[in-house]
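A.B. asks: Sharing a structure, written as structure tokens. Questions coming.
The values are calculated or read from the model by the stated rules, or taken from the named source; none is laboratory data. Being a predicted model, the structure only gives us computed values, none of them experimental. Counting neighbours? That spans all protein chains shown, and the Cβs are built from the backbone with ideal geometry, glycine included. Surface accessibility is based on the protein's heavy atoms, side chains included, excluding ligands, DNA and RNA. Shrake-Rupley method; radii C 1.70, N 1.55, O 1.52, S 1.80 Å.
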Amino acid sequence: MKKIGIKNWLLEVDVEKTAEYYRKEIEICDCSYCQNFASTVLSLEDDKISFFKNLGIMPEKPVMLSHFPTEADNNHQYIGFYHVVGRILTGETCTMTNWQDDHTYTLDKFAFCLSKENNQVPESFLEPVFQLNFETEIPWILEESGED
């Protein structure tokens, strides 16, 4: 386990076991909304991608992803989460509905919070586990429209 500090949190993470899970178990949905999310996330600058990689996460493969239309031109809101093999040692946690500035971390257009309340954890996922919740508003970058 590797100790990682993010904002007010101290985490203990098994980066290799988390990465192995994402490589083998998580597939990217083929709908245009999920494909747009994956393409946009993969086009982030290296320092932004390294945030995910340092936790063992493949950012294009969230465990859960939901899309919502926005009023803004060409922007699309997404919420979702990733699972991480490890523990939250210190720091305030949240839920998907309980976001506050003192327990969220912002990276580019993403806001993250950590949760011990895990949703949809597959039986094959190793314990201990915590959840990295996120929300973002990102542009549509695919050539095809956002209609399924």
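A.B. asks: Out of (1) touching a Lys or Arg at 6+ places or on another chain (Cβ under 9 Å); (2) closer than 24 Å to Ala19 by Cβ; (3) modelled with pLDDT under 80, what's the single condition that is false for Gly91?
C.D. replies: Checking Gly91 against (1) touching a Lys or Arg at 6+ places or on another chain (Cβ under 9 Å); (2) closer than 24 Å to Ala19 by Cβ; (3) modelled with pLDDT under 80, the one that fails is (3).
A.B. asks: Kindly indicate whether any position in the range 68-80 is among the aliphatic types (A, V, I, L, M), under 21 Å from Lys3 (Cβ atoms) and in contact with a Ser or Thr (Cβ under 7 Å, 6 or more places away or on another chain).
C.D. replies: No: the range 68-80 contains no residue that is among the aliphatic types (A, V, I, L, M), under 21 Å from Lys3 (Cβ atoms) and in contact with a Ser or Thr (Cβ under 7 Å, 6 or more places away or on another chain).
A.B. asks: Looking at the range 51-59, can you tell me whether even one residue there is touching a strand residue (DSSP E or B) at 6+ places or on another chain (Cβ under 7 Å), within 24 Å of Glu20 (Cα to Cα) and open to solvent by 40 Å² or more (accessible area, probe 1.4 Å)?
C.D. replies: Yes, some residue in the range 51-59 is touching a strand residue (DSSP E or B) at 6+ places or on another chain (Cβ under 7 Å), within 24 Å of Glu20 (Cα to Cα) and open to solvent by 40 Å² or more (accessible area, probe 1.4 Å).
A.B. asks: For the range 106-124, how many residues meet the condition of being closer than 25 Å to Met1 by Cα and buried (at least 18 other Cβ atoms within 10 Å of the Cβ)?
C.D. replies: 4
A.B. asks: Here is a follow-up. On the given criteria, is Asn74 open to solvent by 40 Å² or more (accessible area, probe 1.4 Å), more than 23 Å from Glu25 (Cβ to Cβ) and at pLDDT below 90?
C.D. replies: yes
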